[in-house]
Amino acid sequence: MFKWIKNIGPGTLVAAAFIGPGTVTLCTKAGVQFGYGLLWAMLLSIIATIVLQEMAARTGIITQKGLAAVIKEQITSPLLRNLALFLILGAIVIGNAAYEAGNISGAALGMQVFGEAATVFYPILIGIITFIVLFIGNYKILERSLVSLVLLMSISFLITAILTKPDLLAILKGTFVPTIPENSILIIIGLIGTTVVPYNLFLHASLVKEKWKTKTDLSTARKDTIISIILGGFVSMSIIVAATATTGGDISNAFDLAKGLEPLYGEYAKYLLGIGLFAAGITSAITAPLAAAYVAKSCFGWKASLKDNRFRAVWAIILVLGVVFSSLKFKPVEVITFAQVANGLLLPIVAIFLVWIVNKANVLGEYKNTLFQNILAICIILITLILGIKGIYSVF
């Protein structure tokens, strides 16, 4: 266990990335509207995330390259290669710029439980903290900062769930007996879609090669991935469990949930949820620009470190846009629409590319996929296709 704690890292950063304000809001809605009934959807999404992220991490360690660079190398047709890179760049870089405002706004919302007087300054403060963490350009400092925030977030949401004295038998039933309550299909798809995130595949492949350099590290990386993503799943499930305890009221996000729990469980619940939402927002506010910078680096073939000016320019632009949009309460609808369509297309396409790559002996050699891994991957690709179609359909 101590050895794992010493080697903890990229997997936790992936968990930090997928538990953002959007995930918190969806989990809150799932709990308020359907109780424990949709916990199985979160379990399914965690399994899918582990399978895809393990393949991305394996590719990063064996090739010592970013996922976009590997895809670029393996597509021989110039037209298809350029199309794939355009889609990846568009979905990840432009998409993360659009969603960064939501990450910063979510963190600011969490801070409001400690006082609403300085609401206008919260996005700027979060932007400054994020800028400092990214600008230092030290992978170990970045990793430790995010791991600390993830642990803070995990403890906050887990304690909140325990405070509500949940029905353990009902939790087990909701987790292992799938049901589809009336009008729940969009929430189910949303829970899976907010956990199985395209940019995390690129982020993970890039992060593992920062930390690990040899094939002997694969076992450690796999443990890191599995344990971290399961921990992230417990956090998401804790939010659903906590939200189930509320009755009545218009509850649509964690801040509303904090207010809803306060009369029953006192101010502790409010502060715990506020801290959890702040940590969820700021971790995603750090990882979204970071992922975009790694994707740009991989697509353009930059031999760049975390301190490279080109690398810094990408994440800085996304961060500044996020702070401006969240401060002005401005929602760039057209950009978000483009991002949703691009991500809807990107998730199944990247999943297919990833499965194709991890089956190539000239890329992974003896570490290519087994038959069992391929069966799991095909099932997940079908899920991502449904998610992609739904994402595009919801826009139009």
With the 8 Å Cα cutoff and a minimum separation of six or more residues, the chain has a relative contact order in percent of 38
The longest stretch of the chain containing none of the GluC sites (Glu not before Pro) that sit in a DSSP loop with at most 11 other Cβ atoms within 10 Å is 183-396
Going residue by residue through segment 291-298, the Karplus relation 6.51 cos²θ - 1.76 cosθ + 1.60 with θ = phi - 60° gives ³J(HN,Hα) values, rounded to whole Hz and with x marking Gly or Pro, of 4, 4, 5, 5, 5, 4, 4, 5
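Give me the percent of the accessible area of the chain that comes from carbon and sulfur atoms, probe 1.4 Å, all protein chains in place.
Numbers: 11910 of 16930 Å².
For the chain, the apolar C and S fraction of the accessible surface comes to 70 percent.
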In Å, the C-alpha Rg and Dmax of segment 107-203 are 18.4, 49
To the nearest 10 degrees, the tilt of helix 78-89 (Cα long axis) against the first principal axis of the alpha carbons of the chain is 20
Surpassing 27 Å at the alpha-carbon level, of the pairs LYS368/LYS390; LYS65/LYS360; LYS65/LYS307; LYS72/LYS140; LYS72/LYS215; LYS65/LYS368, are LYS368/LYS390; LYS72/LYS140
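Can you tell me, using C-alpha contacts under 8 Å and at least 6 residues apart, the relative contact order of segment 1-156 as a whole percent?
Working: 50 pairs, mean separation 56.2, N = 156.
Here the relative contact order equals 36 percent.
Can you compute the charge dipole magnitude of segment 114-214 about its Cα centre, using +1 on each Lys and Arg Cβ and -1 on each Asp and Glu Cβ, nothing else charged? Give it in debye, rounded to the nearest 20.
460
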In Å², rounded to a whole number, the accessible area per residue of the chain with probe 1.4 Å is 43
Stretched fully, the stretch from PHE121 through ILE180 gains (0.36 nm per residue minus C-alpha distance, one decimal, in nm) 17.0 nm
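Cα gyration tensor of segment 1-83, axes a ≥ b ≥ c as square roots of the eigenvalues: rounded (a/c below 1.5), prolate (a/b > b/c) or oblate?
In terms of gyration-tensor shape, oblate.
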With label points set 7 Å from each Cα along the Cα-to-Cβ direction at ILE352 and ASN82, the distance between them in nm comes to 2.1
Here the Cα Rg-to-2.2 N^0.38 Å ratio for segment 47-115 is 1.58
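LEU218: net charge of surrounding residues, Cβ under 13 Å, Lys/Arg +1, Asp/Glu -1, itself excluded? Provide the component values of the computation, followed by the final result.
Values: positive: ARG58, LYS209, LYS211, LYS213, LYS215, ARG222, LYS223, LYS368; negative: GLU54, ASP217, ASP224, GLU366.
Residues close to LEU218 contribute a combined charge of +4.
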In terms of the charge dipole of the chain, which places +1 on Lys and Arg and -1 on Asp and Glu at the beta carbon, the residue among VAL93, PRO166, ALA280 farthest towards the positive end is VAL93
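CYS379 to SER305: extension gain in nm, 0.36 nm per residue of separation minus the Cα-Cα distance? Don't jump to the answer; show the numbers that get you there.
Numbers: separation 74, 0.36 × 74 = 26.64 nm, distance 3.65 nm.
Between CYS379 and SER305, full extension yields 23.0 nm more.
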In the list [x] 0.93; [y] 1.11; [z] 1.22, the entry giving Cα Rg over 2.2 N^0.38 Å computed from the coordinates is [x]
Per residue convex hull volume, Cα only, segment 76-157, in Å³ is 142
Pseudo-spin-label distance SER219 to ILE389, built 7 Å along Cα→Cβ, given in nm, is 4.3
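The values are calculated or read from the model by the stated rules, or taken from the named source; none is laboratory data. Bear in mind that the values here come from a model prediction, so they are computed numbers and not experimental data. Cβ: placed from backbone, ideal geometry, glycine included. Neighbour counts: every protein chain shown. Accessible surface areas use protein heavy atoms only, side chains included; no ligands, DNA or RNA. Shrake-Rupley method; radii C 1.70, N 1.55, O 1.52, S 1.80 Å.
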